[in-house]
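Readers should treat all values here as calculations from the given coordinates under stated rules, not as data from a laboratory. What you are looking at is a predicted structure, and each value in this text was computed from that prediction instead of being measured. Because the Cβ atoms are built from the backbone with ideal geometry, glycine has one as well, and the counts that use them run over all protein chains shown.
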Amino acid sequence: MSALSLQQTRGLRDDLKARGIEWREPKKYKKYHPEISGDLEAFKAADISGPTHKMTYAHAEFEQSSPEVQRLLSLEFAHNNELIKMSKLDILRETQRHQYDSGSLAAKITNLTVSIRYHQTEKGYEKLLRYSERRVHLEHLVDRRKKYLVRLRRIDYKRFEWLLEKLNLLYKPRVLKGGPIYRYDSLRKLVSMRCEKLRKAKLAAYKAKLDAQKESFEAEKKSTLEWIKETEEKLGIPVTVDPETGMIEAPLPPRVTIAKRIFGPYLVNKE
């Protein structure tokens, strides 16, 4: 790019910015970003002082053990998978139909939501940046949850709405991708929108100005029509105005059809 064209581009940009028109390149989010996935709530971790999943089967013995043993057998020293598993169980109790429900669409969506939200945390996001296979796996989880949501929406819409409210999810239908975004095309649209906004503002201001003058205009109009009516009556010609309604429409001449126009003379001679 030459120095002259660069100077012209910067001058155009500064001129538009001074007029309140500024274009910013749209942000590009990954598929697993909460802005795209529709997760309106952060990851709810289970209580780290609670037992692991395997220790829940021996809950009585866990409660009878000493505090040091309980802490060693709790989620505080367990793997992250145990934390995710217990978090799934805590939320699954609110969405499953019965205590053995683990294969319904609502249960699958709940489990996938917990896994996705864990990876959206700061700790999980660090691993996403480090390992590409985790990013690919998370995108697959988002796609799978979207597929289950579409299926549940088609089968049972009431339960679909209830589940979205329960999990605090935002369902976003599939949007067809448009063409590439160019700066000059976007600037043209912004300029058109700015002009339309100014036009509407000027029209609204002009309308308000006319509304303020409406009473004086109506009074002047009525006095003018009264003067015209009086003048026509003095001259003895038909009155064409009415001060209350305005102009009086003159009667239209009789309508002449094409057939009457062509065969009219013959009909007159025949009569």
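When segment 22-58 is filtered for residues that are farther than 30 Å from P180 by Cβ and not aliphatic (A, V, I, L, M), the ones remaining, listed by number, are E41, F43, K44, D47, S49, G50, P51, T52, H53, K54, T56, Y57.
Residues of segment 56-112 that are over 30 Å from L152 (Cα atoms), surrounded by fewer than 17 Cβ atoms within 10 Å (Cβ to Cβ) and hydroxyl-bearing (S, T, Y): T56, Y57, S65, S66. Pairing each residue of segment 54-71 that is over 23 Å from L89 (Cα atoms) with any residue that is surrounded by fewer than 10 Cβ atoms within 10 Å (Cβ to Cβ) and among the hydrophobic types (A, V, I, L, M, F, W, C), provided the two are 6+ apart or on different chains, yields no C-beta distance under 7 Å.
In segment 32-82, the residue that is nearest to V150 (Cα to Cα) out of those that are outside any helix (DSSP H, G or I) and polar (S, T, N, Q) is T52.
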